[in-house]
1. Taking the condition of a type in the set (Gly, Ala, Ser) and touching a residue at least 40 places away in the same chain (Cβ under 8 Å), does Ala119 pass?
2. Taking the range 48-64, which residues are in a helix (DSSP H, G or I) and either open to solvent by 80 Å² or more (accessible area, probe 1.4 Å) or in contact (Cβ under 8 Å) with a residue 24 or more places away in the chain (or both)?
3. Among (1) touching an Asp or Glu at 6+ places or on another chain (Cβ under 9 Å); (2) in contact (Cβ under 8 Å) with a residue 12 or more places away in the chain, there is one condition Lys3 misses while meeting the rest; what is its number?
4. Pick out the one residue from Ile107, Ile114, Ile139, Ile133 that is surrounded by 18 or more Cβ atoms within 10 Å (Cβ to Cβ), at negative phi and of a type in the set (Val, Ile, Thr).
5. Please count how many residues of the range 82-104 are aliphatic (A, V, I, L, M), free of Cβ contacts under 8 Å to residues at least 24 places away in the same chain, open to solvent by less than 60 Å² (accessible area, probe 1.4 Å) and more than 21 Å from Val5 (Cβ to Cβ).
6. Could you tell me which of the residues Gly201, Gly152 is in contact (Cβ under 8 Å) with a residue 40 or more places away in the chain and touching a Pro at 6+ places or on another chain (Cβ under 9 Å)?
7. Taking the condition touching a Pro at 6+ places or on another chain (Cβ under 9 Å) and either at pLDDT below 90 or assigned to a helix (DSSP H, G or I) (or both), does Arg106 pass?
Amino acid sequence: AYKPVRKSPRLAALITAIGVSLFLENGGVLVFGPDPKFFPQLIVSKNISLGFGVVLSNQQLIVLVVSIVLMVLLRVLVQHTRVGKAMQAVSHNHTAAALMGISVDRIISFTFVIGSALAAAAGVLVALQSPKIEPYMGIMPGLKAFVAAVLGGIGNIPGAVVGGLVMGVAEVLVTGYLSPTYRDAIAFVLLIFILLVRPAGIFGSSVSEKV
């Protein structure tokens, strides 16, 4: 799906991604049906007091710790390994990367493997607190992940984490002080705001292009 549009503008790849996701989601409905499938909890929830009135469940603590560990490992992979530097080169200019001897196809395939593995890890973490699966369960988390990446700065791994934390805090505040109805809407309000005020994101940097 992606290879034919590799040399096209990035908007074409984005539209292709949306189309493929819709195909997979609706294909899942045809194969497995629309009803949620339940399974036993992986880890029984227990509350842990951290003091100062802060209480977390062991599931939330596992999600937080595993997410930070995965973020650090991904950061190290991208910034401090040969394959990571090759990924950066291909992302910046795949033609120049190919001229430097980098196997563009292998690097792109490896990137998809890493992305899929991280998505699988995220699915397991979500399943800790919501032990059910259904074909459309990834739509809203996927949209919010995109908003978090834009908020922090596309291509900046710590920025995406900070963007996710900012969005999570905003959701909780909106739920507590306004109404739970607006919880999902705040993500898109933040997206519009950041695109108007700082399109490059919190940690992103504007890059000038010669025309």
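The values are calculated or read from the model by the stated rules, or taken from the named source; none is laboratory data. Just so it is clear, the structure is predicted and the values come from calculations on it, not from any experiment. Cβ placement follows ideal geometry from the backbone for every residue including glycine, while neighbour counts extend to all protein chains displayed. SASA here: full protein model, heavy atoms, side chains in, ligands and nucleic acids out. Shrake-Rupley method; radii C 1.70, N 1.55, O 1.52, S 1.80 Å.
1. Values: of a type in the set (Gly, Ala, Ser): yes; touching a residue at least 40 places away in the same chain (Cβ under 8 Å): no.
Answer is no for this residue.
2. Of all residues in the range 48-64, those in a helix (DSSP H, G or I) come to 58-64.
Listed by number, the residues that qualify are Gln59, Gln60, Ile62, Val63, Leu64.
3. Single failed check for Lys3: (2).
4. Numbers: Ile114 fails: surrounded by 18 or more Cβ atoms within 10 Å (Cβ to Cβ); Ile139 fails: surrounded by 18 or more Cβ atoms within 10 Å (Cβ to Cβ); Ile133 fails: surrounded by 18 or more Cβ atoms within 10 Å (Cβ to Cβ).
Among Ile107, Ile114, Ile139, Ile133, only Ile107 is surrounded by 18 or more Cβ atoms within 10 Å (Cβ to Cβ), at negative phi and of a type in the set (Val, Ile, Thr).
5. Here is the first cut: in the range 82-104, the ones aliphatic (A, V, I, L, M) are 83, 86-87, 89-90, 96-100, 102, 104.
Those still in the list that are free of Cβ contacts under 8 Å to residues at least 24 places away in the same chain too: 86, 89-90, 96-100, 102, 104.
Subset that is open to solvent by less than 60 Å² (accessible area, probe 1.4 Å): 86, 89-90, 96-98, 102, 104.
Okay, now just the ones that are also more than 21 Å from Val5 (Cβ to Cβ), so 86.
Residues meeting the conditions: 1.
6. So the residue among Gly201, Gly152 that is in contact (Cβ under 8 Å) with a residue 40 or more places away in the chain and touching a Pro at 6+ places or on another chain (Cβ under 9 Å) is Gly152.
7. Values: touching a Pro at 6+ places or on another chain (Cβ under 9 Å): no; either at pLDDT below 90 or assigned to a helix (DSSP H, G or I) (or both): yes.
The answer is no for Arg106.
So that you can scan it fast, the table gives a plain yes or no per residue for (1) closer than 16 Å to Asn156 by Cβ; (2) of a type outside the set (D, E, K, R); (3) in contact with a helix residue (DSSP H, G or I) (Cβ under 6 Å, 6 or more places away or on another chain); (4) at pLDDT 90 or above:
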site: Val54; (1), (2), (3), (4): no, yes, no, no
site: Gln59; (1), (2), (3), (4): no, yes, yes, no
site: Val63; (1), (2), (3), (4): no, yes, yes, no
site: Val69; (1), (2), (3), (4): no, yes, no, yes
site: Val72; (1), (2), (3), (4): yes, yes, no, yes
site: Leu77; (1), (2), (3), (4): yes, yes, yes, yes
site: Val83; (1), (2), (3), (4): no, yes, no, yes
site: Ala86; (1), (2), (3), (4): no, yes, yes, yes
site: Ser91; (1), (2), (3), (4): yes, yes, no, no
